[in-house]
1. Give the range 55-71 a look and list any residue that's β-branched (V, I, T) and under 14 Å from A88 (Cβ atoms), or say none.
2. Just wondering, is there one or more residues in the range 6-24 that are of a type outside the set (V, I, T), closer than 30 Å to E111 by Cα and surrounded by fewer than 20 Cβ atoms within 10 Å (Cβ to Cβ)?
3. All but one of (1) in contact (Cβ under 8 Å) with a residue 12 or more places away in the chain; (2) of a type in the set (S, T, N, Q); (3) in contact with a Ser or Thr (Cβ under 8 Å, 6 or more places away or on another chain) hold for T288; which doesn't?
4. Examine the range 39-60 for a residue that is assigned to a helix (DSSP H, G or I), surrounded by 20 or more Cβ atoms within 10 Å (Cβ to Cβ), in contact with a Lys or Arg (Cβ under 7 Å, 6 or more places away or on another chain) and in contact (Cβ under 8 Å) with a residue 40 or more places away in the chain, and state whether such a residue exists.
5. Pick out, from the range 289-373, the helices (runs of 4 or more DSSP H) lying fully within it that include 3 or more residues that are under 18 Å from the mean Cα position of the chain (by Cα) and modelled with pLDDT of 95 or more.
6. Report, ordered by the first and then the second residue, all pairs with beta carbons closer than 6 Å, sequence separation of six or more or different chains, a first member in the range 239-255 that is farther than 14 Å from N91 by Cα, and a second member that is charged (D, E, K, R) and surrounded by 15 or more Cβ atoms within 10 Å (Cβ to Cβ).
7. Answer with yes or no whether I95 is in a helix (DSSP H, G or I), open to solvent by 20 Å² or more (accessible area, probe 1.4 Å) and in contact with a helix residue (DSSP H, G or I) (Cβ under 7 Å, 6 or more places away or on another chain).
Amino acid sequence: MERIKNKFSQWNEGSNGPSKYDMIAALAIVLLISCFFCFLKDFKLTVMQSLTFDSCIFNGKVHKFYSVVNAQALSGYYDSVWENSLSAGANYSIINYATLGIVCLPLYVIEKIAKTAVPFVLYEVIVKAVFVAITLYMTKLVGDICSLVSMDEGRSKWLKFAFLSSPILWYSCLMISQMDIFSLLFLMLGIRASIKGRKRYELLFYALSVFYKPFALIAIIPIILLREKRILYIFRDVLFTLAGLLFQNVVYHFDSGYARVQEYMGELYNFSERFFSSGFETSRNVYTANAGFFVISFVIICVIAYSVRKFDYHLMFALPFASWCAFVVFVQWHPNWLVFMIPFAVMILGYSYRIKLQCAIECVFMIFFLLVNSLGWLFNYDNDLINGGILSQVFGLTSEGGEFGTIRPVLTDKLSAIPVDFYISVLSAAAIAMVVAAAMDVYRRRKEFSYDIGEAKFERGVMWLRSLPVLCFIVYSFATCI
């Protein structure tokens, strides 16, 4: 027993950073999930619409892109993946379709020249390869950011590993395979530029990030308020980050299809109302409304950011992380939106006084994150994700979970004694616990408390513990294919 304990202690030792085998294993898992998992319904629709963008380029109809897609949606062009309605319209910013269109352009041109249909799986291969390349580059960006904030080499290596093995990255980004990865890339480039003091590049990258996905503002606004205290300059910087969206509204103001699909999607998904859905009702005479907990929380975080006079890189990561945890607790989200938590969840580990605690809470968070997604999106974000993967299609792998193996029926029928409220309650508790732990670390650091070497050191076991829920999800998904 003593020998086993010594062997484990030796393996668990992490003072020199992760080994090359840790990095290889994390990379292998990234490649595995990129090849075997995909939420094909959304992914294929978006890629097909991006090919329509390529067609619009050659036909000179880019300015009418949204109308063209609307017509296709209503004509049944996307029937293979989506219902015949405006819900199959172009719901994303034009830059998303332009980016995917460029990625897919070589195959599109070959298809038109050869006058033959290219199997969609080849488009999936190209896009997934780009996703993996971006993931590796973002891992490098984490190392760059660590160097700029003067972290030691051991911690820097562990944080790069923490990013590459991030369970949210694996699940919300690479397995679901949405376009949020482009927004995340430019957000991280903006953070690096900010630390370097290159403000023009910082704002440019933030603007691109917001152009891809406006939810990036939840992280960006506290960062701007933390570093800038002049009111007019704050307004200028925030306005600049909205430049892409403003440009799109000007360009497509004359495309009636753009306004039509925006109105339809707004009514269908109620994006703005989500921020106020969780709160308390208040009345003022004939005026009755809901005071949103997220809005209240976000305003408080922004006030804290603006009030801090002594700039701290730790706060630069902790405040956006707190904003996103508030989003998780109080807003009805889609799981792919949580990719914006990743860089901040990773970087606060580098400042943590209790790394084991943070990793343990993140493990609990991921367990219930996966369960809530399986309850909320049956046959979408559960083990059925394996059905859309590249190799899954090539080898004919299909999840046969049904009512006996799909996660939701297991939870609601076989484990019916557990109230469904329990899962979202624990998920919310874990998100709040991570914020509390991060806040305590900020307090200790600003008071210059000394580190407890036993608690503040990285260990291989707890770093892999973070990813264990997703690893189990992967194994379970493969098991349902047998």
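The values are calculated or read from the model by the stated rules, or taken from the named source; none is laboratory data. A quick note: this is a predicted structure, and the numbers were derived from the prediction, not measured. Ideal geometry is used to build each Cβ from the backbone, glycine not excepted, and the neighbour counts take in all protein chains shown. For the accessible areas, the whole protein counts, side chains as well, though only heavy atoms, and no ligand, DNA or RNA atoms are used. Shrake-Rupley method; radii C 1.70, N 1.55, O 1.52, S 1.80 Å.
1. Filtering the range 55-71 for residues β-branched (V, I, T) gives 57, 62, 68-69.
Within the range 55-71, V68, V69 meet the criteria.
2. Quick first cut of the range 6-24, residues of a type outside the set (V, I, T) only: 6-23.
Next cut, closer than 30 Å to E111 by Cα only: none.
Looking through the range 6-24, none of the residues is of a type outside the set (V, I, T), closer than 30 Å to E111 by Cα and surrounded by fewer than 20 Cβ atoms within 10 Å (Cβ to Cβ).
3. (1)
4. Taking every residue of the range 39-60 in turn, none turns out to be assigned to a helix (DSSP H, G or I), surrounded by 20 or more Cβ atoms within 10 Å (Cβ to Cβ), in contact with a Lys or Arg (Cβ under 7 Å, 6 or more places away or on another chain) and in contact (Cβ under 8 Å) with a residue 40 or more places away in the chain.
5. 313-330, 342-349
6. D255/K64
7. Details: in a helix (DSSP H, G or I): yes; open to solvent by 20 Å² or more (accessible area, probe 1.4 Å): yes; in contact with a helix residue (DSSP H, G or I) (Cβ under 7 Å, 6 or more places away or on another chain): yes.
Judged against the criteria, I95 is a match.
Here's the yes/no breakdown for (1) in contact with a Leu (Cβ under 7 Å, 6 or more places away or on another chain); (2) more than 30 Å from F131 (Cα to Cα); (3) at pLDDT 95 or above:
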{"position": "D382", "(1), (2), (3)": "no, no, no"}
{"position": "G389", "(1), (2), (3)": "no, no, no"}
{"position": "S392", "(1), (2), (3)": "no, no, no"}
{"position": "S399", "(1), (2), (3)": "no, no, no"}
{"position": "S428", "(1), (2), (3)": "no, no, yes"}
{"position": "M434", "(1), (2), (3)": "no, no, yes"}
{"position": "R444", "(1), (2), (3)": "no, yes, no"}
{"position": "F449", "(1), (2), (3)": "no, yes, no"}
